[in-house]
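Encoded as structure tokens, the structure appears first; notes follow it.
The values are calculated or read from the model by the stated rules, or taken from the named source; none is laboratory data. Worth saying up front: this structure is predicted, and the values here are computed from it rather than measured. Note: ideal-geometry Cβ built from the backbone for every residue, glycine included; neighbour counts use all protein chains shown. SASA here: full protein model, heavy atoms, side chains in, ligands and nucleic acids out. Shrake-Rupley method; radii C 1.70, N 1.55, O 1.52, S 1.80 Å.
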Amino acid sequence: MTKGAIAVVIPVRNEITTLPVLVAGLLNQTEPIDELVIVDGGSTDGTIGIERNLADRHEIVYIVEAGDAWPGRARNLGVAATSTKWILFVDAGCEVDSNLVRSFVEAREQSPGVRMVIGSYSCMADTRWKEAVIVATKPARVECHGYRGRYDFIPCLIQREFFQELGGFRDWRAGEDLEFVGRAKSEPGAVICSPGARVVWEMAPSRRAMVKKWVTYAFHNADNGTSWHRPVLLHNALGAVLALLMFPVIGWWCAVVPILPHLLRTFVRYRRHCGDGDDEIEGGLLVFLQALVASAVVDVATLIGVMRWWFNRAIIQ
């Protein structure tokens, strides 16, 4: 590979429908990229054939077949396969516009000394439940250079030297990106956000796939020691205690009391999203009720994932 300015690294597993769209967008940038490395983490749906075809047709596209690799290790392998000073991380399942790279470059040039730039993302899902899932599971938008957005990790432009200093990603299935960002932000002034560098991220193609993803994340977060199941247990235990206390007063109507913590939590989240002017949330009673149901489903999925982890650990021990 020749030394260039920016290389894109994409970890991939079973993205036969989304990868061609993403790659097409990255190859059609107003600020051209120099290398595009696709790291396949064990696809079984024919994705590898798509990747090889892309590499044959475009000389800046390279493939790393990593076997059974989680996203953290896949990104590390992808960076090792590049030669540029700056690395742009984008995930499969995203759609990008033609000005993504330019927005990152402009943000980097306007802040001399910056070592990592985090872009924003908007969510794509079935329109019948997208708003509810955002309210129930995503943080409200935050202010950045006069623009509200979601700034987690993807998309992200990072200096290779800084990436190496941080030691790369943990070899995790979930949460490795947020853990990495946490370490990066420990260096004052190293990380900024770019409101113009925005991608559209597909949360899941269906509600069933979304629930399956929640269960999977809960399992691996428990394994990584980053699980959020304790507050989930607390909320639901509180509802159970309230139900027992109310039984002498209202009888079996107390069965509806466990929903009260979810109701309060959803109200707070709903107000936070709508009050902050989230342009993805139109709001309304139906959205609130859907978010209430989503809140309960997320908790159930989290507990299922954690129980699977406990059971798996018991078998191994």
Using the beta-carbon distance between Val241 and Arg272 and R0 = 45 Å, what value does 1/(1 + (r/R0)^6) give for FRET efficiency, to the nearest 0.05?
-> 0.95
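I'd like the carbon and sulfur percentage of the solvent accessible area for the chain, probe radius 1.4 Å, heavy atoms only, ligands and nucleic acids excluded.
58 percent
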Highest-MSF residue in the chain out of Val133, Val117, Val257 [GNM, Cα springs under 10 Å] = Val257
Using 7 Å Cα-to-Cβ label points, what is the Asn28/Glu179 separation (nm, one decimal)?
-> 3.8 nm
Each label point is 7 Å from the Cα along the Cα-to-Cβ direction; what then is the distance between the points at Asp68 and Ser98, in nm?
-> 4.4 nm
Using just the alpha carbons, could you tell me how many Å³ per residue the convex hull of segment 256-313 encloses?
-> 101 Å³
Rounded to a whole number, what is D in µm²/s for segment 148-222 from Stokes-Einstein with the Kirkwood radius over alpha-carbon pairs (25 °C, 0.890 mPa s)?
-> 171 µm²/s
More than 17 angstrom apart: percent of Cα pairs within segment 3-49 = 35 percent
Normalised alpha carbon radius of gyration of segment 121-183 [divisor 2.2 N^0.38 Å] = 1.37
Relative intensity, log₁₀ I(q)/I(0), of segment 97-218 from a Debye sum that treats every alpha carbon as a point, q = 0.16, 0.19, 0.22 Å⁻¹ | -0.87, -1.14, -1.34
With a 1.4 Å probe and every protein chain left in place, work out the accessible area per residue of the chain in Å², rounded to a whole number.
-> 49 Å²
Ranked from highest to lowest mean number of other Cβ atoms within 10 Å per residue, what is the order of the peptides 171-179, 183-191?
-> 171-179, 183-191
Label point distance in nm, Thr44-Asn312, each placed 7 Å from Cα along Cα→Cβ = 1.5 nm
Taking 0.36 nm per residue of separation between Asp279 and Gln110 and subtracting their Cα-Cα distance, the length gained on full extension comes to 58.2 nm
If one takes the longest principal axis of the Cα atoms in the chain, at what angle in degrees, from 0 to 90 and to the nearest 10, does the Cα axis of helix 285-316 lie?
-> 80 degrees
